[in-house]
Amino acid sequence: MKKLNGVAASRGICIGPAFQFLRIELNTEKKDIIDTDAELIRLNDALNSAKNQIEAIYQKALVEAGEADAEIFQAHKMILDDPEFITAIRTRIENEKINSEFAVSETAKSFAATMAAIEDEYFAARATDIMDVANRVLRALMKIAESPTEGLHEPSIIVADDLTPSDTVLLDKSLVLGFCIAQGSATSHTAILARGLGLPAIAGVGDEIIKVLSGTKLIVDGTKGEVVIDPDTQTEQIYRQRLETSRNVQTEALKFAHDVAQTKDGVEFEIVANIGNVEDAKFAVENGAEGVGLLRTEFLYLERNSLPTEEEQYQAYKAILDVFGDRPVVLRTLDVGGDKEIPYLNLPKEMNPFLGERAIRLCLNRPDIFKPQLRAALRAGVGHNLKIMFPMVATLSDVRVAKAVVEECKAELTAESIAFARNAEIGIMVEIPSAAVVADQLAKEVDFFSIGTNDLSQYTMAADRTNPKVAELSDAFQPAVLRLIKMVIDAAHQEKKWVGMCGELAGEPLAAPILIGLGLDEFSMSPPFIPLVKQIIRNLDSQDMIALAQGALALESPKEIQQFVKKEIPFIGEIIS
Ligand code: PEP
Ligand code: MG
């Protein structure tokens, strides 16, 4: 038995076998070869193997997803049957006496670049297809498994160096008990995903966890940030007992999940959900969500190989809005960049992606991406309570220009006689310190704010949210962050605008009393947290919380603040232990 510590990334305990999620980098280094005939045979074998794989996937997709979705694999087969493409690879091997890996990779890149240069959605998608097929051939050449999830057949704890949002798409969530991640922190995207699914997770455990073999029994304690490798019977029993207690607390809270969150003195708070797709939307409703405070639209872009069209987005947004009827749904426009990468956009690598052309900055430079999304959202909002929110706003100008693009879209839709939500509220995320500082000015420009504490913490504290070494700094309980939150709430209320919070702090039981005391109007969180936060709010008195918040903001560290809340309101400490 061995214990490792990491960062508590998603509450709860899970016990089960480890599954190592290995993402192997394909090595396409150039090598000189002597025997070109043997190399051509090796290439041929790999091409045939790739073709057989694609045929098998095509047949499977045909049965499981239907002809339209299976079509893509027909296109992949055609690439391998394209004499121009294959001859180009062969010619390079013969003429330059180089290895197949390099020849395949270089030829594919050059064919894909030609396609991508044509500014058309169809050709952009073909460029991605070529790279997909080339990677399949490369895996066949290197005899590497099809996908990092191959072999995941029983409910397991996913162990990985780190997971990108697109990696997580590959996972069959019904087989995931929890996550144990070597890198990352509490606000990295694996952590957010885990919380969305209600699964325990710890991050920043360090490289040692990667050496654990698949199948080894693990206990992940996402509340304390601990993993136990190969536990003895006594330890396992203790954890099983805690697991049972926390299940009971959650089951009890779930019984009243659909009741409103009204404090003892009758003040009601809006409790809504952070979601990424229509499945999350349904799960949110089951957990008592009164709407959506953050629809992370980037998942729609991540789970595919080319940009979604306006029509595809319209369908996707409408399906989500339909789940909520006339309840509020805050749709956040595309927030890519930072640690959310979309390969097919082929964006240039940046030295500091979190400080780069991210989110609204990219959208304002790329109307070809921004406008179809806004049009789709406005159209889908008809008959619903849609609100549009811009991420990563830093300046007044960001908001004004973004709002002008919305007006442009509205004018176009009017001219085309297409119905749209004329009165959709427009808001911004306050997640950059500059926005918090000029919140008084920004409040005049928008209908609402939503505080993004994940980014607000990383930018305020200058501490990368994905770096476990600075996890204690990028903590939303830092007094500096809490004071900025107070400034933002006060500035919005001064202009009679409502303020929500969709950063992870909104779902923290120990933060609820402080946020109520500061006057936050709306709390948006991962669906599984809703029942518990509602239950906590029902047991508080809003007037008492004003004094508590004042006391908390005068303290000197996250630890002191959390201990203070635990001491003042002991029942919260008991239910989350
Ligand atoms: C945030 O930054 O707090 C937020 C909610 O956005 P994301 O985590 O998607 O960056
Ligand atoms: Mg953010």
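The values are calculated or read from the model by the stated rules, or taken from the named source; none is laboratory data. Keep in mind it's a predicted model, so treat the numbers as computed, not measured. Here Cβ is always computed from backbone atoms with ideal geometry, including for glycine, and neighbour counts include all displayed protein chains. Note: accessible area is taken over every heavy atom of the protein model, side chains too, but ligands, DNA and RNA are not part of it. Shrake-Rupley method; radii C 1.70, N 1.55, O 1.52, S 1.80 Å.
Determine if region 304-319 includes at least one residue that is open to solvent by 40 Å² or more (accessible area, probe 1.4 Å) and within 16 Å of ligand 1 (Cβ to nearest atom). Within region 304-319, not a single residue is open to solvent by 40 Å² or more (accessible area, probe 1.4 Å) and within 16 Å of ligand 1 (Cβ to nearest atom).
Of all residues in region 438-464, those that are of a type in the set (D, E, K, R) have Cβ atoms under 6 Å from Cβ atoms of residues that are assigned to a loop (DSSP other than H, G, I, E, B) and within 16 Å of ligand 2 (Cβ to nearest atom), 6 or more apart or on another chain, in Asp455/Glu431. Here is a check on your reading of the model: is Ile202 crowded, with 20+ Cβ neighbours inside 10 Å, closer than 27 Å to Phe477 by Cβ and either in the same structural domain as Asp455 (by TED's automatic domain parsing) or out of contact with any helix residue (DSSP H, G or I) (no Cβ under 8 Å at 6 or more places or on another chain) (or both)? Yes, satisfied. Close Cβ contacts (under 7 Å, 6 or more residues apart or on different chains) running from residues in region 358-373 that are under 15 Å from Tyr301 (Cα atoms) and assigned to a loop (DSSP other than H, G, I, E, B) to residues that are within 16 Å of ligand 2 (Cβ to nearest atom) and of a type in the set (D, E, K, R) comprise Ala359/Asp335. Do the conditions hold for Pro200, that is, is it farther than 22 Å from Asn274 by Cβ and in contact (Cβ under 8 Å) with a residue 60 or more places away in the chain? No; evaluated as a whole, the condition is false for this residue. Taken over region 397-426, the residue count meeting the criterion of being within 19 Å of Pro367 (Cα to Cα) and among the small types (Gly, Ala, Ser) is 5. The strands (runs of 3 or more DSSP E) found wholly in region 1-118 and carrying at least 2 residues that are among the hydrophobic types (A, V, I, L, M, F, W, C) occupy 7-10, 13-20. Inclusion of Pro348 among residues that are touching a Leu at 6+ places or on another chain (Cβ under 6 Å) and assigned to a loop (DSSP other than H, G, I, E, B) is not warranted. Of the residues Leu532, Leu515, Leu520, Leu482, only one is open to solvent by 10 Å² or more (accessible area, probe 1.4 Å) and either free of Cβ contacts under 8 Å to residues at least 12 places away in the same chain or more than 14 Å from ligand 2 (Cβ to nearest atom) (or both); which? When all the criteria are applied, what remains is Leu532.
Got a number for residues in region 332-363 being among the aliphatic types (A, V, I, L, M), out of contact with any Gly (no Cβ under 8 Å at 6 or more places or on another chain) and closer than 23 Å to Lys403 by Cβ? So the count comes out to 3.
For region 242-261, the count of residues that are surrounded by fewer than 16 Cβ atoms within 10 Å (Cβ to Cβ) and small (Gly, Ala, Ser) is zero. Please work out if Glu495 is touching a Leu at 6+ places or on another chain (Cβ under 8 Å), more than 11 Å from ligand 1 (Cβ to nearest atom), farther than 20 Å from Ser557 by Cβ and open to solvent by 10 Å² or more (accessible area, probe 1.4 Å). Criteria not met by Glu495.
What are the residues in region 168-223 that are in a helix (DSSP H, G or I) and either within 16 Å of ligand 2 (Cβ to nearest atom) or polar (S, T, N, Q) (or both), if any? Hits for region 168-223 are Thr168, Ser174, His189, Thr190, Ala191, Ile192, Leu193, Arg195, Gly196.
State whether the residues of region 88-98 include one that is modelled with pLDDT under 85 and not β-branched (Val, Ile, Thr). Looking for residues that are modelled with pLDDT under 85 and not β-branched (Val, Ile, Thr), one finds none in region 88-98, hence no. Among the listed residues Phe477, Phe449, identify the single one that is surrounded by fewer than 24 Cβ atoms within 10 Å (Cβ to Cβ) and more than 13 Å from ligand 2 (Cβ to nearest atom). The match here is Phe477. Taking region 415-446 as the range and being acidic (Asp, Glu) and within 16 Å of ligand 2 (Cβ to nearest atom) as the test, only Glu431 passes.
For region 110-119, indicate whether the set of residues that are more than 29 Å from Asn277 (Cβ to Cβ), free of Cβ contacts under 8 Å to residues at least 40 places away in the same chain and buried (at least 21 other Cβ atoms within 10 Å of the Cβ) is non-empty. Within region 110-119 (the criterion being more than 29 Å from Asn277 (Cβ to Cβ), free of Cβ contacts under 8 Å to residues at least 40 places away in the same chain and buried (at least 21 other Cβ atoms within 10 Å of the Cβ)), the answer is yes, since at least one residue qualifies.
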